[in-house]
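Here is the structure we will look at, set down as structure tokens.
The values are calculated or read from the model by the stated rules, or taken from the named source; none is laboratory data. Every value quoted in this text rests on a predicted model; they were computed, and no experiment measured them. We place every Cβ from the backbone using ideal geometry, glycine too, and count neighbours over all the protein chains shown. Heavy atoms of the whole protein, side chains included, go into the accessibility calculation; ligands, DNA and RNA do not. Shrake-Rupley method; radii C 1.70, N 1.55, O 1.52, S 1.80 Å.
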Protein chains: 2
Amino acid sequence: MIGPGRIGAFAVTVSLIVAASSVGRTEEAGTSDARAAVEKGNARFSEAIARSDAKAVAALYTEDAIMLPERGAMVKGRQAIGEFWKTAMEGGVKSVTLTTLDVGANGDLAHEVGTVLLMINVEGRPPATASAKYVVVWKREADGWKMHRDIWNDPPPE
Amino acid sequence: MIGPGRIGAFAVTVSLIVAASSVGRTEEAGTSDARAAVEKGNARFSEAIARSDAKAVAALYTEDAIMLPERGAMVKGRQAIGEFWKTAMEGGVKSVTLTTLDVGANGDLAHEVGTVLLMINVEGRPPATASAKYVVVWKREADGWKMHRDIWNDPPPE
């Protein structure tokens, strides 16, 4: 549906935009508990990626999670998301560094805004990094907070 | 921080991934009310874009909303988000068609997964389209549900 020319036109539009401003924090009911849970979940995610443990990564998502990878099709469900990360790790993703910028929560849902830096090591290429910004919707289940919706996109071009 | 080679390495990683599966619906407390509110909000958003009314677009976001545009810096707050859309409309965005694929809710928070098709008309270029997939976190305030977090990214390359 989108040819390069079409993407080009939209890129022009986007490049006209002078985005701005730093990111602060909002407070909603239960936010401090949720923030601690989010940071704990992110630490586990980073640890699981660092040891290439796709099963542990998958366990951090809800059974009916939906992931929206940059330039990829939506990935639905814990098992498919585990396979996505397994493939990503086999493809060179060695570690992720997550920085949480904002958390808000209400009841059993929380939303997180953050940035991620990936270390990538592909056979025959120099080590590389990639960064993205993201929104994760976390959901509290019987056994704790899990990632329920997960989407990221590219930072501004340098 | 990211050169073209680095992005290239990550693109290779992403392109290795065979993403899959269709998107269903999850049900959580209050989801049917939230879904109706989300669809109403999206209709208002599309109408506001179609008449190039940046003020009406901005009013659909919370005062402390955060938007994460594809390849752009984060945009914080209703006013800055209104300016973003004003610039986008001046830059050629004429209409948006939103398709809601999933809504879940709990209390005063809801999350939406969907796709968007933009019609873009830049002076001196043929009319173009661009599509994206997105996650929006909606928040119920005293005067109704508003967009609180808004992020989108590119579909798979064709």
How far apart, in nanometres, would the label points at B:Lys94 and B:Met119 be if each is projected 7 angstrom from Cα along the Cα-to-Cβ direction? 0.6 nm
Would you mind giving the mean number of other chain beta-carbons within 10 Å of the Cβ of each residue in B:124-134, as a whole number? 5
Count charges around B:Tyr134 for me, please; just the other residues with Cβ under 9 Å from its Cβ, Lys/Arg as +1, Asp/Glu as -1. -1
Karplus (6.51, -1.76, 1.60) ³J(HN,Hα), θ = phi - 60°, over the range A:76-89, in Hz, Gly and Pro reported as x: 10, x, 4, 5, 5, 5, x, 5, 4, 5, 4, 5, 4, 5
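Determine the shape class of the range B:50-120: with a ≥ b ≥ c the square roots of the Cα gyration tensor eigenvalues, call it rounded for a/c under 1.5, and otherwise prolate if a/b is greater than b/c, oblate otherwise.
oblate
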Nearest 100 Å² is fine: how much accessible area is buried between B and A, summed over both sides, with a 1.4 Å probe? 6300 Å²
Express the carbon and sulfur contribution to the solvent-accessible surface of the range A:46-158 as a percent, rounded to the nearest whole number, probe 1.4 angstrom. 53 percent
By the mean-Cβ-within-10 Å protection proxy, highest first, A:105-118, A:67-80, A:40-53 rank as A:105-118, A:67-80, A:40-53
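Accessible area per residue of the range A:108-158 at 1.4 Å probe, in Å²? Don't skip to the answer; put the middle values down first.
Details: 2020 Å² over 51 residues.
Per-residue accessible area for the range A:108-158 comes out at 40 Å².
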Computed lengthening from B:Lys55 to B:Ser32, 0.36 nm per intervening residue step minus Cα-Cα distance: 5.5 nm
Taking the range B:85-158 on its own, what percent of its Cα-Cα pair distances exceed 18 Å? 50 percent
